[in-house]
Amino acid sequence: MARLLVIDDDRSLLELLSDYLSRAGHSVTGAPDGQRGLVAAAAVGPDLVILDATMPVLDGWQTLARLRTASSVPVIMLTARSDEADILRGFAGGVDDYVTKPFSFAQLAARITAILERRASGSQAGEVLRAADLEVDTVRHRVRRAGDLIELTPTEFTILVTLLRSPGRVLSARQIVAAVWGEEYLDETGYIRRYVWHLRQKLEHDPHAPRYVVNERGIGYVFPAD
């Protein structure tokens, strides 16, 4: 059972979704706006947050920014838009997945399960991975570069760990999707490029000349063995 926080100003959707996820075995807290959502997040300590992008007073983007100052909890953004600009904005802010309205509750539940399972599998592995000047603690979900802490979202972290566990091996976008999201998302490779771009912005000394996450054009991505 996971502790879920659902933040959405559509009270009918909030009630129906909370009921569905509760019947699926989760402990669900609902909040009708961003301000009360942040209060609930501090009180509950959720394992995952489902956040509506469009809300009055404190919208999803503002709520996400404030949430990220205190927590790396996985966030799924609910949005009525699938514009490239919105998606990039979300990734930059630390969103782990997107669900575009209208959506099926079963679809959302599957994405929740995928995120929670990949986070749990990383914690259970108990590894500290080292390469070049990077140190990646899979239990604490911490990344250090030359001793400096690098803040990554859970999805960015999982992509990095996936590459680190296969040094020198080029992984295709489909292989990365399978490792990060699961086999059921194999056709959804479009986001990988965007995640890698943001991962490089945080991780690389020079994102335009990457040392850690290298693109093999037309094939995929590799963490060099040397």
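Please work out if Ala146 is closer than 25 Å to Val75 by Cα and among the aliphatic types (A, V, I, L, M). Please lay out each step first, then the result.
Details: closer than 25 Å to Val75 by Cα: no; among the aliphatic types (A, V, I, L, M): yes.
No: the conditions fail for Ala146.
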Restricted to the range 78-109 and to residues being modelled with pLDDT of 80 or more and part of a loop (DSSP other than H, G, I, E, B), the residue surrounded by the fewest Cβ atoms within 10 Å (Cβ to Cβ) is Pro102
How many residues of the range 212-226 are surrounded by 11 or more Cβ atoms within 10 Å (Cβ to Cβ) and either more than 19 Å from Leu129 (Cα to Cα) or among the hydrophobic types (A, V, I, L, M, F, W, C) (or both)? The answer is 8
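For Pro154, are the conditions met, namely being in contact (Cβ under 8 Å) with a residue 12 or more places away in the chain and surrounded by 14 or more Cβ atoms within 10 Å (Cβ to Cβ)? Spell out how you get there, then give the answer.
On the way: in contact (Cβ under 8 Å) with a residue 12 or more places away in the chain: yes; surrounded by 14 or more Cβ atoms within 10 Å (Cβ to Cβ): yes.
So Pro154 fits the description; yes.
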Exception for Ala209 within (1) of a type in the set (Gly, Ala, Ser); (2) surrounded by 12 or more Cβ atoms within 10 Å (Cβ to Cβ); (3) at negative phi falls at (2)
Exception for Glu135 within (1) surrounded by 14 or more Cβ atoms within 10 Å (Cβ to Cβ); (2) over 19 Å from the mean Cα position of the chain (by Cα); (3) closer than 19 Å to Gly182 by Cα falls at (3)
Kindly evaluate Ser27 against the criterion of being more than 21 Å from the chain's Cα centre (by Cα) and surrounded by fewer than 22 Cβ atoms within 10 Å (Cβ to Cβ). no
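The values are calculated or read from the model by the stated rules, or taken from the named source; none is laboratory data. Source: prediction; values computed, not measured. Positions of Cβ are backbone-derived with ideal geometry, glycine not excepted, and every protein chain shown enters the neighbour counts.
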